[in-house]
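Worksheet: the structure to be examined is printed underneath.
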Amino acid sequence: MERPRHFEDYALGEKRTTSGRTITETDIVVHAGHTGDFFPHHMDAEAMKASQWGQRIAHGTMTFAIGIGLTASEINPLSFTYGYERLRFPKPVFIGDTVHTELTIAALEDDPKRADHGRVIEQVRVLNQRGETVLACDHVYLVKKRA
């Protein structure tokens with residue numbers, strides 16, 4: 001859905017939550033093929049039985065791609081992603097976990113490079129079905145100011 005919002009339309013503390021998505025073995029296999037990351041943590045079920053997790057874990061980059069992808073339900077033609085900061089994976093994601101993403105507007109700043117844009121910093125948390133944070137980062141995007 002296209003919803004034009006200027007920088008001034010955002011409010012500190014504003015929140016939104018996405019729908020959930022269950023992680024499958026196919027997700028892991030396809031991601032490994034796309035990235036070339038066939039590390040045993042993701043691909044070797046037998047070796048991972050003896051690990052601290054007892055099973056394969058999803059790629060962090062896949063968790064990021066899926067977690068951020070879930071947020072793409074809201075499109076603002078007046079903004080674009082500037083980047084992501086402080087990316088962390090505090091807990092592993094396993095096959096069969098269902099993740100969703102929670103977003104909170106954490107800061108609103110002037111953009112030092114573009115007087116006609118502001119920076120919206122959105123705190124991103126991807127959580128599993130147990131409410132545990134499996135990914136944390138800040139999404140920084142630039143939003144056009146009103147003239």
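A few comments on the model shown:
- Taking every alpha-carbon pair under 8 Å whose residues sit at least 6 apart, the chain reaches a relative contact order of 32 percent.
- Among beta bridges that DSSP assigns inside the chain, antiparallel share in %, nearest 5: 95
- Zone residues, the range 1-44, relative to Arg146, backbone N less than 16 Å from point 7 Å out along Cα-to-Cβ: 4-12
- Across the range 62-100, the residues whose backbone nitrogen lies under 18 Å from the label position 7 Å along the beta-carbon direction of Val29 are 62, 94-97.
- Take the chain and mark each of the chymotrypsin sites (Phe, Trp or Tyr not before Pro) that is in a DSSP loop with at most 15 other Cβ atoms within 10 Å; the longest unmarked stretch, sites excluded, is 54-147.
- Length released on extending from Arg16 to Gln123, taking residue separation times 0.36 nm less the Cα-Cα span: 37.5 nm
- For His41 and Ala72, a Förster radius of 35 Å and the Cβ-Cβ distance give a FRET efficiency of 0.80, rounded to the nearest 0.05.
- Computed over the chain, the P(r) tail beyond 21 angstrom holds 49 percent of alpha carbon pairs.
- Förster-model FRET efficiency, 25 Å R0, Ile95 and Asp138, C-beta, rounded to 0.05: 0.35
We did not get these values from a lab; they are worked out from the coordinates using the rules stated. Fair warning: this is a prediction, and the values are worked out from it, not measured in the lab. Cβ sites come from the backbone with ideal geometry, for glycine too, and all protein chains shown count toward neighbours.
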